[in-house]
Amino acid sequence: MQAQLREKATELAEVLWKEHTVYRERGGGVVIRGDHVRRWISLAPTGGKDQALMRAGRILDGGTTAPARLEVVVDLASGTAELAAVCRRLLAETAADAAPSTAGARPPRAARASGGKGRAKAPRAPRPGRHTGVGSWVVLLCVGGVVALWAYTVFGGAS
């Protein structure tokens with residue numbers, strides 16, 4: 001099964017990307033890595049004959065791989081063109097999931113004046129009509145009670 005997975009992965013890699021790396025995973029699957037497109041695809045064995053679990057994910061900034069975003073069981077007996085179409089669909093959906101939405105996006109934070117190494121905290125907008133919450137009052141009352149009890153035992157109870 002591993003030889004069949006490796007063979008299919010190599011064929012798929014050549015169809016999908018000019019630049020790619022194919023390697024074996026610890027669990028017996030095969031990974032096709034396209035660093036230039038920042039995506040990866042893996043084929044892992046399943047319990048069925050001539051079937052594989054195809055997963056797709058992103059490659060993060062440091063070169064590590066993010067967990068799979070999508071997965072589907074494919075028939076390895078299908079042609080390379082059909083498997084490539086499934087791969088392209090998974091990759092397109094992975095790219096769509098990774099694209100930041102601009103609808104409710106916050107503006108980027110300003111860099112600090114010290115060389116731009118770090119990020120400055122964005123000022124918080126005050127929440128109208130809300131001051132100290134109920135939970136904070138309970139904590140304050142408990143602390144005040146403990147202090148009052150201590151003061152009573154030290155100063156008031158000794159007379």
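The values are calculated or read from the model by the stated rules, or taken from the named source; none is laboratory data. These numbers were taken from a predicted model, which means no experiment stands behind them. Counting neighbours? That spans all protein chains shown, and the Cβs are built from the backbone with ideal geometry, glycine included. Ligands, DNA and RNA are stripped out before the accessible areas are found, and what is left, the full protein with its side chains, is counted by its heavy atoms. Shrake-Rupley method; radii C 1.70, N 1.55, O 1.52, S 1.80 Å.
Values for this structure:
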{"quantity": "Residues being among the basic types (Lys, Arg), loosely packed, with under 14 Cβ neighbours inside 10 Å and part of a loop (DSSP other than H, G, I, E, B) - total across segment 2-39", "calculated": "2"}
{"quantity": "Qualifying positions in segment 56-68 - over 11 Å from residue 39 (Cα atoms) and charged (D, E, K, R)", "calculated": "61"}
{"quantity": "Count - residues of segment 1-51 that are among the charged types (D, E, K, R) and in contact (Cβ under 8 Å) with a residue 60 or more places away in the chain", "calculated": "2"}
{"quantity": "Test for residue 65: is it in contact with a strand residue (DSSP E or B) (Cβ under 9 Å, 6 or more places away or on another chain), hydroxyl-bearing (Ser, Thr, Tyr) and open to solvent by 60 Å² or more (accessible area, probe 1.4 Å)", "calculated": "yes"}
